[in-house]
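These notes are about the structure you will find just below.
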Amino acid sequence: MGKDEYSVKTGTTTVGVICKDGIVLGADRRATAGYLIADKRANKIHKINENMALTIAGSVSDAQLLVKVIRSELKLMELQMGRIPNLKESANLLATIVYHNIRNFSAVPGITHFLIAGKDETGFSLYDLYPDGSLSEVRDFIASGSGSVMAFGVLETLYEKDIDTDKGVELIKKSLKAAMERDIATGNGVQIVAITKNGFETKLDKEIKVSI
C-alpha cells in the first residue's frame with residue numbers, strides 16, 4: 001500500500017444541535033487513512049472568532065487550509081465593511097470557497113464537509129455546508145461524517161424542541177457514543193463546545209483510551 005493512500009485522513013462524526021439558549025457542536029478525535037488510525041487527537045472543532053465556530057470532516061489537509069482561509073477572509077471583510085460579518089455572510093463565503101475548491105483538478109480530491117455555527121444580531125444560526133459547496137440552514141440538528149448515520153438515530157429519537165445547551169451537550173455525548181460503538185472511523189476522544197450569549201465555550205474535551 002503506497003504512501004499516497006495514507007496521505008488523506010478521512011472518517012469522523014460531527015454533530016450540531018440548536019438549543020433555546022445557543023448552539024452546541026461536537027466531534028470525535030479520530031482521523032483515519034484507510035484502515036490506519038492516522039491521528040488519535042485530531043482537532044475537528046475550530047473557533048473562528050468569539051461568536052463563531054465550525055466542525056470539519058473529510059480531507060484534513062483541505063479542511064485545515066480552508067479554516068485558515070476563511071479566518072483571513074472574514075478579517076479582511078471586517079476591515080472593508082467596518083463591522084463583523086454576520087453568520088449568513090460567513091457561511092455563504094465559505095460555501096463559495098468550497099464550491100471552487102472541489103472543482104479544481106487535483107490528484108487528491110479536496111472533499112470537505114463543514115458545520116458552521118454562531119450568533120449575530122439575528123440570533124443563533126447553524127448551517128450545513130456540503131462537500132459540493134451547497135449550503136442549507138439547519139432548524140434543529142445535523143450530523144456529518146462516516147458515523148453520522150448512527151448519530152442521526154440518536155438525534156431523531158431524543159431531540160426535543162427548546163432544549164437548553166446543558167441538555168444539548170448530553171444529547172451530543174449520546175450521539176457520539178453511538179457512532180463510536182459502530183463506526184470504525186470514529187473514536188479516541190470527544191470534543192463539545194457551545195456558543196451562547198456569552199460567546200464560545202468549551203464544554204468537554206476528553207481523550208478516550210482503549211483498555212485491554
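No lab work stands behind these numbers, since they all come straight from the coordinates. It should be emphasised that the depicted structure is a prediction, and the values quoted were computed from it without experimental measurement. All Cβ positions, glycine included, derive from the backbone under ideal geometry; neighbour counts span all protein chains shown.
So here's what we get for this one:
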| quantity | calculated |
| --- | --- |
| The range 83-174: chymotrypsin sites (Phe, Trp or Tyr not before Pro) in DSSP loop, at most 10 other beta carbons within 10 Å | Phe105 |
| Spatially proximal aspartates and glutamates relative to Lys197 (Cα-Cα < 13 Å; intrachain offsets below 8 disregarded) | Asp21, Glu50, Asp120, Glu121, Asp164 |
| Cα-centre dipole for the range 79-209 with unit charges at Cβ (Lys and Arg positive, Asp and Glu negative), debye to 20 | 220 debye |
| Longest exposed-site-free window of the chain, the sites being trypsin sites (Lys or Arg not before Pro) in a DSSP loop that have at most 14 other C-beta atoms within 10 Å | 42-82 |
| Alpha-carbon radius of gyration plus Dmax, which is the widest Cα pair, for the chain in Å | 16.5, 56 |
| The chain: most fluctuating residue of Gly168, Gly16, Gly34 per GNM, C-alpha cutoff 10 Å | Gly34 |
